[in-house]
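These notes concern the structure reproduced below.
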Amino acid sequence: MAYNHPGVYMEEIPSGSKPISAVSTSTAAFLGSCKQGPINQAILIHSLDEYDDHFGKAGGADDPMGLALLAYYLNGGRDAYVVRLRSSEGAKAASVGLASEASGNKDILKIEATSKGIWANGYVLKVETAKDGAEFTLRVGRLKPNPAKPNADKEFVEEEPAYEHLNMLPGSDDYVIIRLKASKLIRAELTPDANGFTQKGSLTGSDLDETKASYFKDELAKDAFKDGIYLELRLDGGEKRLISLGKPADLALSNPSDFRADGLKIAALITTKVKAINADEPHKSFACELGGTGGVLNKFILTSGSKTAESSVRVYDGPLVQSLKLAGDKVKLVDGAANILPKPTGSDITKLPTLGQGHDGGEPLASDYQDFFDKKLAKIPDVSIVVLPGKYAKDDKAYIDAAVSHCEKMGNRMAIIDPPIGKELTADEFDQLNLSTSQYSVLYYPWVRMPDPAGGAAALAVAPSGFAAGAWAKTDGTRGVWKAPAGVETSLLGVASLEFDVVDGDQDILNPLGVNCLRKFPGYGSVIWGARTLSTKAKPEWRYVPVRRTGILIKESIKGGIMWAVFEPNDHRLWASLRSNIDGFMNGLWRAGAFQGEKAPDAYYVRCGLGDTMTQADIDAGQVIVIVAFAPVKPAEFVIVRIQQKAGQQP
């Protein structure tokens with residue numbers, strides 16, 4: 001700012017404070033098989049309803065992904081990426097064609113399932129054409145037995161609300177391809193044959209009184225035209241245009257009156273005025289003619305110049321439209337797509353068009369998982385938890401190793417591993433699982449029995465990982481990532497029973513191995529009773545889940561919070577700013593209870609400076625080095641109460 005005259009100058013200067021925000025630690029990624037949904041894409045959802053919309057209604061013994069997400073959201077889960085992994089080779093969406101009578105019964109519309117797989121095979125369609133022949137209704141459903149009539153034929157049951165007032169006009173809001181984008185089940189596209197049956201859109205008015213030679217002179221002499229004659233029209237769904245034919249005297253109608261000569265003159269003038277709007281279609285080939293049948297010319301016909309599906313002519317009410325009888329019940333309006341309207345399906349439900357030939361594709365290999373981890377999931381930075389529904393320790397070791405390897409490589413996420421179903425874990429059984437001793441992996445045991453959300457009578461076996469992931473997210477939100485996601489606060493919802501009852505003797509063996517048990521306690525229900533990683537013995541400093549996750553929180557938050565420092569001058573001002581900003585973040589965590597220490601210096605420290613964390617050689621190499629240390633809060637696994645008798649004392 002230049003100071004050119006005496007006065008008071010107000011300036012704002014930066015404080016140098018750049019607060020660091022804590023990153024999310026509870027966003028999960030679920031990878032595996034789904035009933036339906038996009039293949040090999042990570043879809044972010046925030047609720048079970050969103051899961052149902054993208055991947056089908058959760059439920060059934062053959063739906064480990066849906067059950068895992070149900071357990072996750074029941075127990076506090078929030079954000080989740082869901083990945084339907086398949087080998088894309090052979091995967092195909094179910095589809096069926098809809099024919100038009102005008103096309104010689106060739107398919108003009110292809111209806112296809114929203115995603116590949118067998119899930120949509122068997123869906124049927126109903127088509128009902130409107131009376132005006134320009135719109136139709138599409139219904140999608142299945143043929144199902146009627147419970148009230150067990151011996152009767154099947155009935156059509158709609159799976160979605162009917163799509164009414166559909167048309168085949170690309171420029172319309174009701175264009176079938178646009179409207180069906182709202183469907184959870186189907187999509188539509190034109191077939192190559194459809195383009196060959198489009199036509200010019202036209203508007204044919206109703207009969208005029210050709211026996212009255214002065215018809216036009218009398219009509220255009222009305223007061224409504226004294227200031228000028230106007231026609232408002234719209235071609236091919238484009239802009240609404242207002243054209244002027246001048247004043248009645250400008251028309252120079254015949255004298256004496258001649259109905260045919262005057263009608264042809266008005267038609268030619270309208271044509272000239274519309275063509276003058278611009279030199280492109282549909283205006284340049286627009287035509288207004290005086291036509292009729294049997295040699296009688298007694299009605300106006302307006303035709304768009306283009307021959308496309310969206311070709312159309314629309315006029316808007318006004319004096320000229322009324323005089324030329326271009327509006328009313330007897331006016332015939334034909335769109336360019338009239339010939340490619342799908343024909344009605346009729347009342348025989350056994351002959352309804354049926355979607356078929358959908359295929360799931362091949363089961364993904366461990367290499368497919370590894371490719372997805374490396375090429376796609378690695379590019380999603382906010383994932384903190386990785387779960388593989390349907391893949392279990394020992395039987396699917398290659399898949400689990402790929403997930404753990406990914407977590408170790410990224411360093412900002414952890415894998416929750418499921419044990420085999422139906423096996424009671426002992427020390428020997430655990431050794432046979434041959435799991436790596438990784439600080440980025442966690443194992444929960446046993447499996448859970450859950451009521452079938454689809455309404456089945458029998459309880460379903462559900463892997464514990466979904467429950468644990470939900471408990472992690474819930475604890476993060478209510479207490480903080482430094483609080484162990486275990487204890488009586490983790491009373492699990494949706495649990496009918498546990499596959500095995502874990503007692504103290506069982507946990508005496510499993511706890512030192514890093515197995516986190518689900519247990520049932522009177523008054524608390526089923527709870528998580530363990531908070532260890534699988535590095536219990538290999539790297540005891542990262543033995544506990546909250547310690548490892550707190551380390552991830554600190555690392556990722558500071559990383560994102562000091563990006564501004566890159567390319568800044570590497571001197572004492574930068575070092576002081578880094579110390580200040582990181583210290584502020586660490587102090588906030590300490591005050592929230594994330595660290596041990598009655599005083600801040602006992603809980604953490606932040607160091608950065610020449611002669612302390614850096615040498616001049618480091619600075620010359622373009623490096624600024626900050627050391628952050630913290631004293632993590634570790635869970636009180638063993639609460640010991642020593643009781644002794646107090647000897648009686650004489651007064």
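Just so you know, all these numbers are worked out from the coordinates, no wet-lab data involved. None of the values given here were measured: they were computed from a predicted structure. Cβ atoms come from the backbone with ideal geometry, glycine included; neighbour counts cover every protein chain shown.
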For the chain, what is the relative contact order in percent, using Cα pairs closer than 8 Å and at least 6 residues apart in sequence?
16
Cα to Cα, under 15 Å, and not fewer than 8 places away if on the same chain: which aspartates and glutamates meet these conditions relative to Lys154?
Asp348
A 28 angstrom limit on the alpha carbon distance is what I want to check against. Which of Lys222/Lys273; Lys217/Lys273; Lys116/Lys375; Lys110/Lys149 exceed it?
Lys110/Lys149
In degrees, nearest ten, helix 465-478 long axis to first principal axis of the chain (Cα):
90
Given +1 on the Cβ of Lys and Arg, -1 on the Cβ of Asp and Glu, and no further charges, what dipole in debye does the chain carry about its Cα centre, rounded to the nearest 20?
420
Using 0.36 nm per residue of separation minus the Cα-Cα distance, give me the extension gain between Ala221 and Asp571 in nm, one decimal.
117.0 nm
Any idea what diffusion coefficient the stretch 210-303 gets from Stokes-Einstein, in µm²/s, Kirkwood Rh on alpha carbon pairs, 37 °C, 0.692 mPa s?
231
Would the stretch 388-490 count as rounded, prolate or oblate if I go by the C-alpha gyration tensor, calling it rounded below 1.5 in a/c and otherwise prolate when a/b exceeds b/c, oblate otherwise?
oblate
In a solvent-free Debye calculation with one equal scatterer on each Cα, what is log10 I(q)/I(0) for the stretch 433-498 at q = 0.23, 0.29 Å⁻¹, listed in the order of the q values?
-1.04, -1.26
222 nm [θ] for the chain, helices only, -39500 (n - 2.57) per DSSP H run of 4+, per residue, to 500?
-7000 deg cm²/dmol
Strictly over 25 Å apart at the Cα level, which of Lys240/Lys299; Lys92/Lys351; Lys200/Lys226 would you flag in this model?
Lys200/Lys226
Looking only at chymotrypsin sites (Phe, Trp or Tyr not before Pro) in DSSP loops with at most 12 other Cβ atoms within 10 Å, what is the longest site-free stretch of the chain?
10-566
Give the residue from Thr475, Gly56, Ala393 lying farthest towards the positive end of the charge dipole for the chain; charges sit on Cβ (+1 for Lys and Arg, -1 for Asp and Glu) and the dipole is referred to the Cα centre.
Thr475
Please list, or write none, the aspartates and glutamates whose alpha carbon is within less than 15 Å of the alpha carbon of Lys212, excluding same-chain residues fewer than 8 places away.
Asp258, Asp262
Restricting attention to the stretch 586-624, which trypsin sites (Lys or Arg not before Pro) occupy a DSSP loop and are surrounded by at most 14 other Cβ atoms within 10 Å?
Lys599
Computed over the chain: longest principal axis from alpha-carbon atoms vs helix 572-592 long axis, angle to nearest 10 degrees, is 80
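At R0 = 30 Å, how high is the FRET efficiency between Ile349 and His46 if r is their beta carbon distance? Nearest 0.05 is fine.
The pair Ile349/His46 has a calculated efficiency of 0.20.
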Among the trypsin sites (Lys or Arg not before Pro) in the stretch 499-560, which ones are in a DSSP loop with at most 16 other Cβ atoms within 10 Å of the Cβ? Mind listing them?
Lys537
Gyration tensor (alpha-carbon) shape descriptor, the stretch 246-287, a/c threshold 1.5
oblate
When you take every Cα atom in the chain, what is the radius of gyration, and what is Dmax, the widest Cα pair distance, in Å?
37.2, 142
Give the separation of the Cα centroids, the stretch 69-139 to the stretch 459-524, in Å.
40
Anchor Lys394: lysines whose Cα lies under 24 Å away (excluding residues fewer than 8 positions away in-chain):
Lys409, Lys423, Lys537, Lys539
Local electrostatic count at Val315 - Lys and Arg +1, Asp and Glu -1, tallied over other residues with Cβ under 9 Å:
0
How do Ile108, Ile178 line up, fewest other C-beta atoms within 10 Å first?
Ile178, Ile108
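Val127: net charge of surrounding residues, Cβ under 10 Å, Lys/Arg +1, Asp/Glu -1, itself excluded? Kindly include the intermediate steps, with their values, before the conclusion.
On the way: positive: Lys126, Arg139, Lys343; negative: Glu128.
Local net charge: +2.
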Once you sort the root eigenvalues of the Cα gyration tensor of the stretch 254-366 as a ≥ b ≥ c, which label holds: rounded (a/c under 1.5), prolate (a/b larger than b/c) or oblate (the other case)?
prolate
Sum of side-chain charges, Lys181 neighbourhood, beta-carbon under 14 Å (Lys, Arg +1; Asp, Glu -1)
-3
